[in-house]
Amino acid sequence: MDRSLSRHLRRLTLATATACALAASGLLVTEASAGPSTGPVPKAAADHALVGYLHTSFANGSGYTRLSDVPDSWDIIDLAFGEPTSATSGDIRFSLCPRTECPGVESKDEFKAAVKAKQAAGKKVLISIGGQNGQVQLTTTQARDTFVSSVSAIIDEYGLDGLDIDFEGHSLSLNADDTDFKNPKTPSIVNLISAVKTLKSKYGSGFTLTMAPETFFVQLGYQFYGTGKWGGQDPRAGAYLPVIHALRDDLTLLHVQDYNSGPIMGLDNQYHSMGGADFHIAMTDMLLTGFPVAGDTNNVFPALPPEKVAIGMPASTNAGNGHVPTTEVNKSLDCLTKGTNCGSYKTHGTWPGLRGLMTWSINWDRHNSWEFSKNFDGYFG
């Protein structure tokens, strides 16, 4: 679908509309202020957190890394991946990488012991559901209930701390009549929200919930939401927004994947592309400031508190498109947490409480001599 005409028309009005909407909603913040709190922030493992995905069920060119060999730098470890038996079954399965594929893989008992050791050191270990190959569409209440029971079984068997939602591809898509992110109608989205709330209720306040959507499903919602008023747009555009909004009080951390992304329009109504600090600053500013969805000033996605936001980056050039050198990583952090090194993009606030960074992946960071995690440790101390 060619969105160029719609983009051209919207760019003429979004700047004024955004300023008015943010001012009217109280979301426009000063350079020295932080975004508004929208609920209790779960107790953190550390003031600043480093989140990484561990290739647990498969191997690739980065090599297999045992959980016990993951350095203490990592505060939240997402086990990649739990995947469904079929796209619509809701039945999530997880197993360790086969020994034929990963000669150094632990036994199940060794892995469970490593989980306990990480937790004893104050770390969180989560099961990540989805990934590039794990399409999950909870189109029925039966699939919803199966999702809850199967995810619970994984958490209980391995003694995990919670859940990471990494739905990609066609997992989330909005029905044509689903136009308000605050009141979703699409069954796959309504059922996902219900399933996660059930899990949170089952495990209580200590349940760690993170999400790793792609920019297409979040920040693109500033311009496009679902099929649009006149139809024809990609129904996946902005489709994570209702999930994030409904679960914002339950959410521990949102770390959007600022990689493998096309150009995305920021709050300055300019397109921002991967490859430098500018992209990370603009994309994160949108989350910490809030934005009108599809340009509708009466339908503003509220800002998330900085303690619930981390920036998602590839650990190396091998890990994904959009990798930036550590100098650009630090520029992003300087701008968002200190108001320095900002370049041409002017943020709508300064957020010292920004939680930290997420990366794909721990394995790729190891393959790259731990450059990403060592830089994180050096920056935050």
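What do you reckon, is Gly275 modelled with pLDDT under 95, surrounded by fewer than 18 Cβ atoms within 10 Å (Cβ to Cβ) and touching a Gly at 6+ places or on another chain (Cβ under 7 Å)? Considered against the rule, which asks whether it is modelled with pLDDT under 95, surrounded by fewer than 18 Cβ atoms within 10 Å (Cβ to Cβ) and touching a Gly at 6+ places or on another chain (Cβ under 7 Å), Gly275 comes out as yes.
In segment 323-359, the residue that is surrounded by the fewest Cβ atoms within 10 Å (Cβ to Cβ) out of those that are of a type in the set (Val, Ile, Thr) and under 12 Å from Asn375 (Cβ atoms) is Thr327.
Residues are listed down the side, and each one gets a yes or a no for (1) small (Gly, Ala, Ser); (2) in contact with a Ser or Thr (Cβ under 8 Å, 6 or more places away or on another chain):
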site	(1), (2)
Ser57	yes, yes
Pro71	no, yes
Cys97	no, yes
Gly122	yes, no
Val125	no, no
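For segment 221-238, check the following and say yes or no: at least one residue is buried (at least 17 other Cβ atoms within 10 Å of the Cβ), assigned to a loop (DSSP other than H, G, I, E, B), touching a His at 6+ places or on another chain (Cβ under 8 Å) and basic (Lys, Arg). Looking for residues that are buried (at least 17 other Cβ atoms within 10 Å of the Cβ), assigned to a loop (DSSP other than H, G, I, E, B), touching a His at 6+ places or on another chain (Cβ under 8 Å) and basic (Lys, Arg), one finds at least one in segment 221-238, hence yes. Output the residues belonging to segment 239-253 that are surrounded by 23 or more Cβ atoms within 10 Å (Cβ to Cβ) and part of a loop (DSSP other than H, G, I, E, B). Correct list: Ala239, Tyr240, Leu251, Thr252. Please verify whether segment 308-322 includes one or more residues that are surrounded by fewer than 22 Cβ atoms within 10 Å (Cβ to Cβ) and among the charged types (D, E, K, R). No, because not a single residue in segment 308-322 is surrounded by fewer than 22 Cβ atoms within 10 Å (Cβ to Cβ) and among the charged types (D, E, K, R). Within segment 80-100, the set of residues being surrounded by fewer than 16 Cβ atoms within 10 Å (Cβ to Cβ), over 18 Å from Ser188 (Cα atoms) and either touching a Gly at 6+ places or on another chain (Cβ under 6 Å) or among the small types (Gly, Ala, Ser) (or both) comprises just one member, Ser95. Output yes when any residue across segment 269-276 is touching a residue at least 40 places away in the same chain (Cβ under 8 Å) and aromatic (Phe, Trp, Tyr), and no when none is. No, every residue in segment 269-276 fails to be touching a residue at least 40 places away in the same chain (Cβ under 8 Å) and aromatic (Phe, Trp, Tyr). Scanning segment 247-265 for residues that are within 15 Å of the chain's Cα centre (by Cα) and either under 17 Å from Asp164 (Cβ atoms) or without any contact (Cβ under 8 Å) to a residue 40 or more places away in the chain (or both) returns Leu247, Arg248, Asp250, Leu251, Thr252, Leu253, Leu254, His255, Val256, Gln257, Asp258, Tyr259. The test for being farther than 24 Å from Tyr379 by Cα, assigned to a loop (DSSP other than H, G, I, E, B), over 18 Å from the mean Cα position of the chain (by Cα) and among the aromatic types (Phe, Trp, Tyr) holds for Phe58.
Evaluated against (1) at pLDDT 95 or above; (2) touching a helix residue (DSSP H, G or I) at 6+ places or on another chain (Cβ under 7 Å); (3) of a type outside the set (A, V, I, L, M, F, W, C); (4) more than 21 Å from Gly162 (Cβ to Cβ), Asp69 falls short on exactly one condition, (2).
Taking segment 92-209 as the region of interest, the helices (runs of 4 or more DSSP H) fully inside it that hold 3 or more residues being closer than 27 Å to Asn260 by Cβ and touching a strand residue (DSSP E or B) at 6+ places or on another chain (Cβ under 9 Å) are 141-158. Taking the listed residues Asp109, Asp180, Asp166, Asp145, the one that is within 19 Å of the chain's Cα centre (by Cα) and charged (D, E, K, R) is Asp166, with no other qualifying. Using the structure shown, decide if Lys43 is at pLDDT below 95, charged (D, E, K, R) and within 19 Å of the chain's Cα centre (by Cα). When the stated conditions are applied, Lys43 passes them.
The values are calculated or read from the model by the stated rules, or taken from the named source; none is laboratory data. Remember, it's a predicted structure, so these values are computed and weren't measured experimentally. Reconstructed Cβ throughout: ideal geometry from the backbone, glycine too, with neighbour counts over all protein chains shown.
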